[in-house]
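Read the structure below first, then the notes.
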Amino acid sequence: MAAPKKAEVGPLVGAVVQGTNSTRFLVFNSKTAELLSHHHVELTQEFPKEGWVEQDPKEILQSVYECIARTCEKLEEINIDISNIKAIGVSNQRETTVIWDKFTGEPLYNAVVWLDLRTQSTVETLSKKIPGNNNFVKSKTGLPLSTYFSAVKLRWMLDNVRKVQKAVEEGRALFGTVDSWLIWSLTGGVNGGVHCTDVTNASRTMLFNIHSLEWDKELCDFFDIPMNILPNVWSSSEVYGQMKSGALEGVPISGCLGDQSAALVGQMCFQEGQAKSTYGTGCFLLCNTGRKCVFSEHGLLTTIAYKLGRDKPVCYALEGSVAIAGAVIRWLRDNLGIIETSEETEKLAKEVGTSYGCYFVPAFSGLYAPYWEPSARGILCGLTQFTNKCHIAFAALEAVCFQTREILEAMNRDCGIPLTHLPVDGRMTTNKILMQLQADILHIPVVKSSAYEITALGAAMAAGAAKGVGVWSLEPDDLVSVVMERYEPQIHATESEVRYSTWKKAVKKAMGWVTTQSPENDPTIFSSLPLGCFIVSSMIMLIGARYISGIP
């Protein structure tokens, strides 16, 4: 009996989406933007000490191989020929820092994740070296000096990890964000792997001049980081190399974007003034400022949005970064045990329809935009004997929305033209309660794309449009329109204002919670914490949650 004829589809483009919590590989039809198949692997996070967040680079790499293999198997099962996959794009968690041995291919230390706080003392030391009237770091990078970015993580490794120090001294070390680690490994690793990154990821390291589009010697000298360990910087859309093994051996890797830039491209925010908000582990609101490099006066970051081709212009963005969004749901599941799946949060919140005066500030890693306050810590306040796990779930969702409002207001002040609606994407947007809450709290419509995997779509578009691939047109007339779901505000603006102002009171209580001495070095730190506020620490919350959940 003859084998069934393969379905006529294509050309196809694959996209690796390597996030903080999971890795995915997705395959799209480049003519219709239809998602044909995908596979997802959840990842482990390690917390060796309070405030430390690490991942195993080899587990991350293995998850990419697994996702690619399983997706290809699924395509074959539905009779689609994988030889139609003409290019692969890579999107990644951005500031997470990897350093490895170029001769053995072995990581020299765990990946230090963007959320990690161990470098606070490093930041404080470096801050003293910046002249008060000349913040050359921010003027060159668009970024405040913070634990968030790669340079301080790399500096910590160089100061504290002997294996890293020795490899650098012997000329064996390579540094990169997760995209660099993946591309180097996928294109051959020790056998000729390409050590590169793109401008969007480079712009998050704090070593890259966003005006000249080059690694900056003054910045590298300031952080005391050798330039010979840095990857080559390319555009976001060009052929970097070919897959060297697996089902897609020989397929070019031709797109690379940090996850938030990939979402901006996937939302087709190609015009100045267009914005989007992505709800993942964190929450990130980006507004395209075109070829203008706009510096914020209200706590936002200036960053590179994309450069879609070696000979194409660079476009910039203003960004509001919230550290904890989806991570708060994972925390409710893994730390408190009041839910078993993320989807349960929506059900619990729907049961009560209110937080009943309970407010949650999930400042687990300090507060990012617009505060940049590393001393803040998470609090849950306004509790009564009536409060139960449903109210806490509702408050957790509301906290994501309140944080988004803060950065939207900062964006409106910086740009001068308030957004009239907010395009959204990310895994959390499947939560209808969250989306309605967001519209109510912003008091503008929230518009959700029917395309679930916007970040992957952006990476695929960049890869498919690369010179030498040319299977995806980015011309405005050729872009596929996407069906949108719209959430209109359903509460009065006065109610929104009252709830928001109460949450802002809670934010003030969260500030200054940690003393300047790091908790891992000071066992008596808790004796110096402020008293007299009705703030629940994580341990008390855990006991309370067990009581609320009926666990003895």
Segment 65-87, residues that are crowded, with 23+ Cβ neighbours inside 10 Å and closer than 13 Å to Ser185 by Cβ: Ile68
Given (1) aromatic (Phe, Trp, Tyr); (2) surrounded by 24 or more Cβ atoms within 10 Å (Cβ to Cβ); (3) at pLDDT below 95, where does Phe270 come up short, assuming only one miss? (2)
Of all the helices (runs of 4 or more DSSP H) wholly in segment 134-239, which have at least 3 residues that are open to solvent by 20 Å² or more (accessible area, probe 1.4 Å) and free of Cβ contacts under 8 Å to residues at least 40 places away in the same chain? 162-169
With modelled with pLDDT under 85 and touching a helix residue (DSSP H, G or I) at 6+ places or on another chain (Cβ under 8 Å) as the only criterion, which of Ala275, Ala325, Ala305 stands out? Ala325
Quick test for you: out of Glu66, Glu50, Glu77, pick the one residue that is at pLDDT below 95, more than 20 Å from the chain's Cα centre (by Cα) and under 21 Å from Leu12 (Cα atoms). Glu77
With the checklist (1) buried (at least 19 other Cβ atoms within 10 Å of the Cβ); (2) of a type in the set (Ser, Thr, Tyr); (3) within 28 Å of Ala459 (Cα to Cα) in hand, flag the one item Thr122 doesn't pass. (3)
Restricting to segment 376-400, and then to whatever is open to solvent by less than 20 Å² (accessible area, probe 1.4 Å) and not hydrophobic (A, V, I, L, M, F, W, C), can you tell me which residue is farthest from Gln438 (Cα to Cα)? Thr387
Tell me the residue from Tyr371, Tyr356 that is in a loop (DSSP other than H, G, I, E, B) and under 19 Å from the mean Cα position of the chain (by Cα), please. Tyr371
The correct count of residues that are of a type in the set (Val, Ile, Thr), open to solvent by less than 10 Å² (accessible area, probe 1.4 Å) and touching a Lys or Arg at 6+ places or on another chain (Cβ under 7 Å) in segment 449-477 is 0
So Glu319, is it part of a strand (DSSP E or B), crowded, with 22+ Cβ neighbours inside 10 Å and of a type in the set (Asp, Glu): yes
So Val113 passes all but one of these: (1) out of contact with any strand residue (DSSP E or B) (no Cβ under 9 Å at 6 or more places or on another chain); (2) open to solvent by less than 20 Å² (accessible area, probe 1.4 Å); (3) at pLDDT 90 or above. Which condition number does it fail? (1)
What pairs can you find where one residue is in segment 108-126 and within 14 Å of Ser375 (Cβ to Cβ), the other is acidic (Asp, Glu) and surrounded by fewer than 21 Cβ atoms within 10 Å (Cβ to Cβ), and their Cβ atoms are less than 9 Å apart, with a gap of 6+ or different chains? Leu117/Glu50
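The values are calculated or read from the model by the stated rules, or taken from the named source; none is laboratory data. Nothing here was measured: the structure is a model prediction, and the numbers come from that model. Glycine gets a Cβ as well: all are built from the backbone with ideal geometry, and neighbour counts include every protein chain shown. Heavy atoms of the whole protein, side chains included, go into the accessibility calculation; ligands, DNA and RNA do not. Shrake-Rupley method; radii C 1.70, N 1.55, O 1.52, S 1.80 Å.
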